[in-house]
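Peer 1: Take this structure, written in structure tokens, and hold onto it; I'll ask about it next.
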Amino acid sequence: MLEELGRFDGYKLTEIAVESAVVEPDEFRLSGAGQDLGGARRLVLATGLRDVFSDHRYGEFWGRGVYGCTFCHGWDARGQRAAVIGNDHQAATTALSLSALAAEIVIIGEGPAAFSPETGEAIRSVGIVYLDSMVKDVTRSPDGLITLDLAEGPSEFGSVFVRAAKEQHSTLAVTLGCILDEEHLVPVNRSYRTTVPGVFAVGEMAKVDGRRTSAMVVLAAGDGLQAGTSVHLDLAFSDAFGGTNPE
């Protein structure tokens, strides 16, 4: 795909991470690794989110047997014994979404179940087991199995699903002056404009008109396409109206 860029003029591709973006009267000045990376009249931020674990033991094996989303990684659990960490309704929902794929599912609540009796009956009806055991340790074997050390003894799983908090992967949005909401996301409108003129944001880092966007690459790429259209029109209208887009 990158080779196709050779058909076009006026672009610069760099692998240097942008560490700073300074707002100047007519452009944004970018820098990284001690280098001036040039200027831009518009910026599209697509820096994503970082997973943050209250229990660092799961983070060590994130993406290698420990996962967060059944729609992203449920296929990895097919035919396996899977564990879901948590005691609330979301944990039960995660377990139920795995029921068509995993051979066996265990919810490890680390305490009494906090979901409704009806939900408890639903998970039992499809063979999901609930344990209130605490997880004392998490290890990974050379063959990729995750071992959870429980009060009842060590138990091996092919996949473990655990919830992680999210935070902005980059500080660029904040340093540019973009507002973050209570979920640490960047609010944008339908044109993917942030609260800072000339700055757009796409992908899971953004929230479009109050709606969370998807972390799935194919959908995030669609956001990028629409943001690119918005940037093109923004520049065209700004030039035509003397630097001010009337939108």
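Peer 1: Go through segment 183-247 and tell me which strands (runs of 3 or more DSSP E), entirely inside it, have 1 or more residues that are basic (K, R) and touching a residue at least 60 places away in the same chain (Cβ under 8 Å).
Peer 2: none
Peer 1: State whether one or more residues within segment 37-57 are part of a helix (DSSP H, G or I) and either charged (D, E, K, R) or over 27 Å from the mean Cα position of the chain (by Cα) (or both).
Peer 2: Within segment 37-57, one or more residues are part of a helix (DSSP H, G or I) and either charged (D, E, K, R) or over 27 Å from the mean Cα position of the chain (by Cα) (or both).
Peer 1: Any idea how many residues of segment 38-60 are over 30 Å from E110 (Cβ atoms) and in contact (Cβ under 8 Å) with a residue 24 or more places away in the chain?
Peer 2: 8
Peer 1: Report the residue count in segment 22-71 for those that are in contact with a Phe, Trp or Tyr (Cβ under 6 Å, 6 or more places away or on another chain) and not assigned by TED's automatic domain parsing to the domain that holds V208.
Peer 2: Selection size over segment 22-71: 3.
Peer 1: Considering only residues of segment 212-243 that are farther than 19 Å from L180 by Cα and of a type in the set (S, T, N, Q), which is farthest from the chain's Cα centre (by Cα)?
Peer 2: S238
Peer 1: Scanning segment 160-211 for residues that are among the acidic types (D, E) and surrounded by fewer than 17 Cβ atoms within 10 Å (Cβ to Cβ), which turns out nearest to the chain's Cα centre (by Cα)?
Peer 2: E167
Peer 1: Just checking, which of A91, A77, A21 is modelled with pLDDT of 95 or more, surrounded by 12 or more Cβ atoms within 10 Å (Cβ to Cβ), touching a strand residue (DSSP E or B) at 6+ places or on another chain (Cβ under 7 Å) and among the small types (G, A, S)?
Peer 2: A91
The values are calculated or read from the model by the stated rules, or taken from the named source; none is laboratory data. Because the structure is a prediction, the values reported are computed rather than measured. Heads up, the Cβs are rebuilt from the backbone with ideal geometry, glycines too, and the neighbour counts pull from every protein chain shown.
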